[in-house]
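Reading through the structure tokens given below for one structure.
The values are calculated or read from the model by the stated rules, or taken from the named source; none is laboratory data. Small disclaimer: the values here were computed from a predicted structure and weren't measured. Every residue, glycine among them, receives a Cβ derived from its backbone with ideal geometry; neighbour counts consider all protein chains shown. Accessible surface is based on the protein model in full, side chains and every heavy atom, while ligands, DNA and RNA are left aside. Shrake-Rupley method; radii C 1.70, N 1.55, O 1.52, S 1.80 Å.
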Amino acid sequence: MPQTPTPHLDTRKLERISQFLDENYLRPGKIPGAVTLVAHKGRPIWRNAQGFQDIERRQPMRPDTVFRIYSMTKPITSIAMMQLYEQGRFLLNDPVHKYLPSWKNLRVYKSGRYPNFETQPATTTMTIRDLLTHTSGLTYGFTERTEVDAAYRQLKLDGSSILTLEKLVNRLAELPLEFSPGTAWNYSVSTDVLGYLVEQLSGKPLDDYFRDHIFEPLGMVDTGFQVRPDQTDRFASCYLYQPGDTMKLQDDPERSPYLKPRRFLSGGGGLVSTADDYFQFAQALCQGGAYEGQRIIGRKTLEFMRLNHLPGGTDLPALSVGGFTETPYAGSGFGLGFSVKTDVAKSATIGSEGEFGWGGLASTSFFVDPREDLVVIFMTQLIPSSSYPIRQQLRTLVYGALN
């Protein structure tokens with residue numbers, strides 16, 4: 001019988017990505033530029049930088065361009081938290097108030113507007129697992145869906161120049177939840193709370209912890225909460241989608257807040273990085289927790305994180321009460337820090353069961369397919385990430401090159 005050929009990626013077919021992005025997004029002026037990296041069997045086999053990192057100054061995109069990765073920070077924070085789990089610092093079913101005493105008597109929104117809310121006691125206790133899975137009852141101000149998220153906006157809890165992690169957790173303790181923990185899924189500041197817990201459990205500021213336990217071991221020299229002076233010529237502009245499929249400058253790289261030290265070390269969305277740096281993190285996840293001999297998380301811990309942890313093993317459409325996520329809802333569950341594909345057919349997007357990943361507000365994304373030994377990193381800078389279906393389109397192009 002003929003043997004099944006070893007799966008490989010046809011780099012000639014991957015070139016379709018460049019043509020597709022150029023014809024459908026770059027020349028029409030829908031996105032400024034992009035860096036795409038595809039890795040197979042542990043090494044990058046195709047990467048391309050195209051378009052501009054700064055349209056106004058006509059600076060071309062570079063392979064080492066520095067991007068705001070926003071919520072692609074979340075998997076890094078979740079790994080940091082689970083490193084501490086491996087040290088016995090907490091259990092997943094520990095109540096959050098064990099570490100944040102002011103969170104002991106949390107209440108759920110009933111009616112009214114801030115600051116005159118009518119509330120009722122939560123029927124369940126928020127656990128660390130709820131924070132990792134976004135079933136905590138917390139929310140985001142930018143979702144603009146409820147009176148609770150309106151209070152987040154008024155108090156600038158999604159991030160401001162005066163916010164700190166300590167101020168965030170103190171403010172959140174005073175506000176009602178959207179629902180009792182564990183009863184629904186809602187994208188939220190949960191991972192920022194995890195960042196605060198990493199600091200409390202480790203005794204280190206979040207940036208120092210990341211550097212010592214993730215970035216330096218993996219050689220992630222371009223990832224951090226601030227753009228260093230030696231990185232400024234590689235720092236991309238960020239753009240905001242405008243009706244009519246156009247865009248306008250949202251954050252000028254020469255005047256960006258990222259150029260200065262950040263008071264609010266957002267574990268939910270505060271990092272900048274490059275495609276190569278983030279590949280090293282994602283490849284460690286693809287290889288069971290280690291890259292180039294440097295282990296950042298145990299193999300069994302990572303296997304556990306990649307399971308669908310939503311109550312009853314349900315998927316996001318069955319549990320979500322919000323309208324925003326960094327992954328298509330259908331056919332996806334949620335693990336401890338990232339989405340997990342549970343049903344390929346239901347997702348209506350090519351892939352593999354068990355594939356996991358996440359994205360960021362400015363349309364960056366990554367996914368890891370352990371079954372195919374595949375890692376894909378996509379970097380651009382257009383807010384919001386829901387502007388175009390570019391992530392799903394990219395997947396079809398990548399998987400179409402797999403022989």
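Would you confirm, using the coordinates I've provided, whether Thr133 is within 22 Å of Ser78 (Cβ to Cβ), open to solvent by 40 Å² or more (accessible area, probe 1.4 Å) and in contact (Cβ under 8 Å) with a residue 24 or more places away in the chain? For Thr133, the condition - within 22 Å of Ser78 (Cβ to Cβ), open to solvent by 40 Å² or more (accessible area, probe 1.4 Å) and in contact (Cβ under 8 Å) with a residue 24 or more places away in the chain - is not met.
All conditions in (1) part of a helix (DSSP H, G or I); (2) open to solvent by 30 Å² or more (accessible area, probe 1.4 Å); (3) of a type in the set (A, V, I, L, M) hold for Met81, with the sole exception of (2). When segment 112-127 is filtered for residues that are touching a residue at least 12 places away in the same chain (Cβ under 8 Å) and either open to solvent by less than 90 Å² (accessible area, probe 1.4 Å) or in a strand (DSSP E or B) (or both), the ones remaining, listed by number, are Gly112, Arg113, Tyr114, Phe117, Thr119, Gln120, Pro121, Ala122, Thr124, Thr125, Met126, Thr127. Take the conditions (1) surrounded by fewer than 24 Cβ atoms within 10 Å (Cβ to Cβ); (2) touching a residue at least 24 places away in the same chain (Cβ under 8 Å); (3) of a type in the set (Ser, Thr, Tyr); Ser347 misses just one of them, which is (2).
Filtering segment 306-337 to residues that are outside any loop (DSSP other than H, G, I, E, B) and of a type in the set (A, V, I, L, M, F, W, C) leaves Leu316, Ala318, Leu319, Phe334.
Here's the yes/no breakdown for (1) outside any strand (DSSP E or B); (2) hydroxyl-bearing (Ser, Thr, Tyr); (3) open to solvent by 20 Å² or more (accessible area, probe 1.4 Å):
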{"site": "Met247", "(1), (2), (3)": "no, no, yes"}
{"site": "Gln250", "(1), (2), (3)": "no, no, yes"}
{"site": "Arg255", "(1), (2), (3)": "yes, no, yes"}
{"site": "Pro261", "(1), (2), (3)": "yes, no, yes"}
{"site": "Phe279", "(1), (2), (3)": "yes, no, no"}
{"site": "Ala282", "(1), (2), (3)": "yes, no, no"}
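Scanning segment 370-377 turns up no residue that is basic (Lys, Arg) and open to solvent by less than 40 Å² (accessible area, probe 1.4 Å). Out of curiosity, is Ile17 modelled with pLDDT of 95 or more and in a helix (DSSP H, G or I)? So Ile17 fits the description; yes.
Go through segment 298-338 and give me each residue that's surrounded by fewer than 23 Cβ atoms within 10 Å (Cβ to Cβ), hydroxyl-bearing (Ser, Thr, Tyr) and out of contact with any Asp or Glu (no Cβ under 7 Å at 6 or more places or on another chain). Passing the criteria: Thr314, Ser320, Thr325, Tyr329. Taken across segment 230-238, residues that are open to solvent by 40 Å² or more (accessible area, probe 1.4 Å), touching an Asp or Glu at 6+ places or on another chain (Cβ under 9 Å) and either touching a residue at least 24 places away in the same chain (Cβ under 8 Å) or of a type outside the set (Lys, Arg) (or both) do occur, with at least one present. Against the definition (more than 12 Å from the chain's Cα centre (by Cα), outside any loop (DSSP other than H, G, I, E, B) and not aliphatic (A, V, I, L, M)), how does Phe378 come out, yes or no? So Phe378 passes the test.
Across segment 62-83, a minimum of one residue is classified as out of contact with any strand residue (DSSP E or B) (no Cβ under 7 Å at 6 or more places or on another chain), in contact (Cβ under 8 Å) with a residue 12 or more places away in the chain and among the acidic types (Asp, Glu).
Here Asp64 passes the criteria (1) within 30 Å of Asp10 (Cβ to Cβ); (2) of a type in the set (Asp, Glu); (3) open to solvent by less than 10 Å² (accessible area, probe 1.4 Å) except the one numbered (3). Taking the stated definitions as given, is Val169 of a type in the set (Val, Ile, Thr), buried (at least 16 other Cβ atoms within 10 Å of the Cβ), touching a helix residue (DSSP H, G or I) at 6+ places or on another chain (Cβ under 8 Å) and at pLDDT 95 or above? So Val169 passes the test.
For segment 95-111, which residues satisfy the criterion of being over 21 Å from Gly337 (Cβ atoms), modelled with pLDDT of 95 or more and open to solvent by 30 Å² or more (accessible area, probe 1.4 Å)?
Hits for segment 95-111 are His97, Pro101, Ser102, Lys104, Arg107, Tyr109, Lys110, Ser111.
Just one of the listed residues (Thr396, Thr301, Thr327) is touching a residue at least 24 places away in the same chain (Cβ under 8 Å) and touching a strand residue (DSSP E or B) at 6+ places or on another chain (Cβ under 6 Å), namely Thr327. What residue, among those in segment 25-43 that are surrounded by fewer than 16 Cβ atoms within 10 Å (Cβ to Cβ) and either in contact with a Cys (Cβ under 6 Å, 6 or more places away or on another chain) or touching a residue at least 12 places away in the same chain (Cβ under 8 Å) (or both), is farthest from Leu249 (Cα to Cα)? In this case the residue turns out to be Lys41.
For segment 138-164, the set of residues classified as open to solvent by 10 Å² or more (accessible area, probe 1.4 Å) and assigned to a helix (DSSP H, G or I) consists of Phe142, Thr143, Glu147, Ala150, Arg153, Gln154, listed by residue number. If a residue has to be aliphatic (A, V, I, L, M) and at positive phi to count, how many in segment 179-236 make the cut? Adding up the residues that qualify gives 0.
Restricting the search to segment 365-403, which residues are among the aromatic types (Phe, Trp, Tyr) and touching a Gly at 6+ places or on another chain (Cβ under 6 Å)? Within segment 365-403, Phe366, Phe367 meet the criteria.
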